[in-house]
1. Quick check: pseudo-label points 7 Å beyond the Cα along Cα→Cβ at ARG333 and ILE272, how many nm apart are they?
2. Count charges around THR73 for me, please; just the other residues with Cβ under 15 Å from its Cβ, Lys/Arg as +1, Asp/Glu as -1.
3. Describe numerically, in nm with one decimal, the distance between label points set 7 Å from Cα along Cα→Cβ at LYS621 and at THR81.
4. Output needed for region 125-268: three equivalent-ellipsoid semi-axes, defined as square roots of 5 times the C-alpha gyration tensor eigenvalues, in descending order, whole Å.
5. Check the straight Cα-Cα distances from LYS229 and name the aspartates and glutamates below 12 Å, setting aside those fewer than 8 residues away within the same chain.
6. Which log10 I(q)/I(0) values, to two decimals, does region 169-210 give at q = 0.25, 0.31 Å⁻¹ under the Debye formula with one point per Cα?
7. At R0 = 41 Å, how high is the FRET efficiency between ASN259 and THR635 if r is their beta carbon distance? Nearest 0.05 is fine.
8. Grab the Cα-Cα distance for GLU193 and ALA306, subtract it from 0.36 nm times how many residues apart they are, and report the gain in nm with one decimal.
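The values are calculated or read from the model by the stated rules, or taken from the named source; none is laboratory data. Please read these numbers as outputs of a predicted model, since none were measured by experiment. Neighbour counts are summed over all protein chains in view; Cβ atoms, including those assigned to glycine, are modelled from backbone coordinates with ideal geometry. Surface accessibility is based on the protein's heavy atoms, side chains included, excluding ligands, DNA and RNA. Shrake-Rupley method; radii C 1.70, N 1.55, O 1.52, S 1.80 Å.
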Amino acid sequence: MMITLIRFILLFLFCSTPLAFANPIKLEHTTATLISDINRIQPGKPFWIALKLALKPEWHTYWMNPGDSGLATTIEWTLPTGFIASPIHWIAPHWLQTKQQITFGYANEAFYLVEITPTKEISAQPQTLTAQANWLACGESCVPESAEISLTLPVTSDEGAPDYGKHHALIHQLKDELPQQLTTTGEFNILDETVQFTVLLNDEPVKQIDSVLLFPTKNGLINYHTPLKFSLENNLLTITAAKGKNPQLSNYETLLQFNDKTTHKIYNYCLIFTQKQVTAPIHTQEALSLITILAFALLGGFILNAMPCVFPILSIKALTITKKKKSEFKKIRAQGFMYTIGVIVSFLSLAFLLIALKKGGHSIGWGFQMQSPYFVTFMIYLTFLIGLSLSGLFYMPIFFGNANAAIEEGRKRDSFLLGILAVLVATPCTAPFMGVAIGYALTQSALTIIIVFVMLALGFAIPYLMICLFPALLKLLPKSGPWMETFKESLAFPMYATVLWLLWVLVQQSGSRALISIGSGLVMMAFFLWLWRKLHLQKLSAKIIALACFTTASFFPIVYLEPPVLNKSVQTEPFSQALVEKYQREKIPFFVNVTASWCITCKYNELTLNGASAEGFFNQKEIHYLEADWTNQNTEITNFLEQFGRSGVPLYVYYPANAKPVVLPQLLSFDILKATIETADKEPR
């Protein structure tokens, strides 16, 4: 009886005691623990959890940006239904210097704060929160470590004050140490050898500063190994740092830490420095003037007309003009102007979109929309429709299904829409000279971006506009006749070839199942268009039903797109900035190929790069080959492009062992490749 009573009492005490616990997980170099600031969860009321990493003496781990080397700690949560975990709230790191590297992190002990918001509707059962943590522990060597840690907390229906636990004071102190958001924005100016930062400290009455440190979220702008110089006058803090290897950043997000000499208080602020003065980062022997860039834009837009997606549309449209009488030339000129306006409006829309994304801090470039499998799918369907129209399966007045339609009816709107269509189908392509022009523009002001894109639009519109303005040029074209219909139908095949190429791009992005799913959509599209023509539908209701069936059957397969899949060649090394820096330090020659599956020029050049001659040449010279695949969005590759003033692919850079990197032309041959590399190897550093 006594034993039973004792068991009952122990059971009662256990059930009335909070179940908050997180068993520490001991690894070789680290002990990982989850701690909470509360004992019990209150429905809908946020609380804080900290991942505590206790490291061996003189060992350390890393901040969100590890600095010269290292790896940021990550946490992936498995939470009860309806619970939400915030991103990591990063405590200010320490400036750690090991050998010849400077890193940002935490020595001996690290805390990573996360705010958890439970759902308002929660069961009374204890709730388990599980964190999959990954970090890099470094001391005499660096060891990647990981642990799955769980914390179980009971639930209370009490709506009063939180039931704080034994770790509340510690977590409260850590929260107080979190960097504050500065209300003002700083500026930075890139000079010859230094970068100067200025920021107004209105939030705190600081009179004298003892020390200043900068912990940026991205590397490259400043050299950490040179001490910072600073001054404070009328609350204006000026910091001078040595310029880094990659000073091409428009926004510089950083943690600013300084010590008040009077109060000895340490201040930590998160702020963004915006660039005060931007210079064009074009790494050529001579800086290109704006006039040269505009000429490149005009020429690049002109050459863009020769791309296989665009040429069939404009050539047929131009040939239809040969059938017109002299009395109709006034209408022809009007439609030429409407086409040009459509082109300019489209390019300006792209420019404004790029400006908006750039202001939002996104890493973007020409062709960025092709990184979306859904946009690629849209282009596949659109190009296939144009091909079917050229083949005569159905009539679309805006295109050229009936050679007599657009001009005889005087439909200027069709020419305006044709300009938009031509730009749309041209967006996957990059013509020579375009890369340099757009790369320059995206490092300049919004006005410069707009001017460059207007020049691109004018270059793109010139061929068709000239034919419309000067009908005498039509004498250079063959006279109209039955051959035009055959020629029109033959131009469907470049469009089908483009569909095939886009399907290949889609497979690179979304896996092999995309081929059968989107291929099925194309078959259904062709079937319903054929059925539409055969049935000669007259009633509006029948047309609506048929159109609904056409749309559903054609576009439903999009839902079966798989996640992106990247295929890397065994003979190449995947690109990383860390590998670039490693080979530079070790003076190992290497070649970087920045490519994308949707880049036609890239695929053409890879016939040279993947050929036996180039492979033998690289092996003979012991040149490492790095491939940077930009098929899907990759910020690291985008930043690499920006180093060389480019906003799109292709980009080819050769790094000799003892000289500066050399940018190769966008159109490659083996002779150009060999001559450039051999010349670069002879150049002194």
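1. The modelled label-to-label distance comes out at 4.9 nm.
2. Residues near THR73 contribute -3 overall.
3. Once both label points are built, they end up 6.1 nm from each other.
4. Largest first, region 125-268 gives 38, 23, 14 Å.
5. Those aspartates and glutamates meeting the cut-off are ASP210.
6. Treating every Cα as an identical point scatterer, log10 I(q)/I(0) equals -0.96, -1.04.
7. Between ASN259 and THR635 the formula returns 0.80.
8. Contour length minus the Cα-Cα distance gives 36.3 nm.
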